[in-house]
1. With each label point set 7 Å from Cα along the Cα-Cβ vector, what nm distance links residue 254 and residue 216?
2. Normalised by the number of residues in the stretch 199-307, what is the relative contact order in percent for Cα pairs under 8 Å and 6+ residues apart?
3. For a Förster distance of 30 Å, can you work out the FRET efficiency between the beta-carbons of residue 96 and residue 266, rounded to the nearest 0.05?
4. Mind checking the log10 I(q)/I(0) for the stretch 99-251 at q = 0.19, 0.21 Å⁻¹? Debye, one equal scatterer per Cα, no solvent, two decimals.
5. Just to confirm my numbers, what's the Cα centroid distance between the stretch 21-49 and the stretch 287-341 in Å?
6. Counting only residues 5 or more places away or on other chains, whose amide H sits under 5 Å from the amide H of residue 146 once H atoms are built in the peptide plane?
7. Report ³J(HN,Hα) in whole Hz for each residue of the stretch 120-134, in order, from the Karplus equation J = 6.51 cos²θ - 1.76 cosθ + 1.60 where θ = phi - 60°; Gly and Pro get x.
8. Over the Cα atoms of the stretch 182-235, what radius of gyration and what Dmax do you get, in Å?
Amino acid sequence: MSDHTSTASDPNGGPGSDAPVLFERRGALGRVVLNRPKAINALTTPMVTALHEQLQAWADDDTVRAVSLEGAGPKGLCAGGDMRAVRESALAGDDAAMTFFTREYAVDGLVARYPKPFVALMDGVVMGGGVGLSAFGALRLVTGSTRFAMPETAIGFFPDVGVRYLLARAPGELGTHLALTGSPVDGADAIAAGFADAQIDAATWEGLLDRLAAGETLDASVGEVPPSALAEARSWIDPCYAGDDPVAIVHRLEASPEPAAHAAAEVVRSRSPLAVAVALAGIRRAADAVSVDQVLDEDLGLAARYVEDSDLAEGVRDVLVDKGRGAPPRWRYDRLEDVPHEVVAGFFR
């Protein structure tokens, strides 16, 4: 992935602008570039606010035929939301965290029901909030360097931004595996799990933008669907992750003859037990959702509960503040076996 700058004369800057989101009109195309490369384009409240305003404006503009999304810099599309800022807000007891989530989820919902082709380049790191901005698009393109994940259980949070809708609809139990472990997978696996459509060479992206600017409609035939190791692992993933009981899932992973299952069990055991239990319950609930917006509405309630009282502050401290070099996280519950069912149920009331 190369650095990008906008050639537009718009409120968020022209050539060389250091605005955190760049918008460009190129013929029939509205082009979006997330522009915080040093932070792997992590989302902030001003960014999601600007995104919503511009996407809505382009939705209402008959001269815009399609919209594209990409990230500036060599590292990836987007590492997610700025969860350190969320943690600071939660510790301070102010409204900044919920303002961010409210505006972020509004953008995700807009992308999910966007009236025009929304084409996302899921190159490099695509995690958390970056998934929410891209995985509901009409054409979702990965590359050979894609590192896709919903890593929220590692920071004591839940898979948010509406993606429980997709996790619940992934083949077999692939979505459950991705959610509970939070482990990154490659582009082929993201396609297999239903979060992307095709894989391209990143060098072809500029040519695809030219075609979109010319008013052409693109589909998955612009790329290929490579074989997925994750899909091949369904032989143990599907039986191990079945059901609504997170403790039973971990026990089956631990008892499996597959080394990969044992490794997955170790990862799940290392995550916030509360976050794992809530994530599983949330995915099962999302299977009955009629729309992404319904899941996003529930996500907002869940986010409020997490900001008020959860493992979130401790998880962010460990992973993003101390970067694993400080004291190990002290989760509210030591083991999945200790998480009360009524506590999990309470997050959804």
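Each value in this text was obtained by applying a stated rule to the coordinates, not by laboratory testing. Computed from a prediction, not measured in an experiment: that's the story for all the values here. Neighbour counts are summed over all protein chains in view; Cβ atoms, including those assigned to glycine, are modelled from backbone coordinates with ideal geometry.
1. Going by the 7 Å Cα→Cβ label model, 5.5 nm.
2. This gives 15 percent for the stretch 199-307.
3. 0.30
4. For the stretch 99-251 at q = 0.19, 0.21 Å⁻¹, log10 I(q)/I(0) is -1.18, -1.37.
5. After rounding, the separation between the Cα centres reads 27 Å.
6. 124, 187
7. For the stretch 120-134, the Karplus-derived couplings read 10, 9, 8, 8, x, 6, 9, 9, x, x, x, 5, x, 7, 10 Hz, x marking Gly and Pro.
8. 13.5, 45
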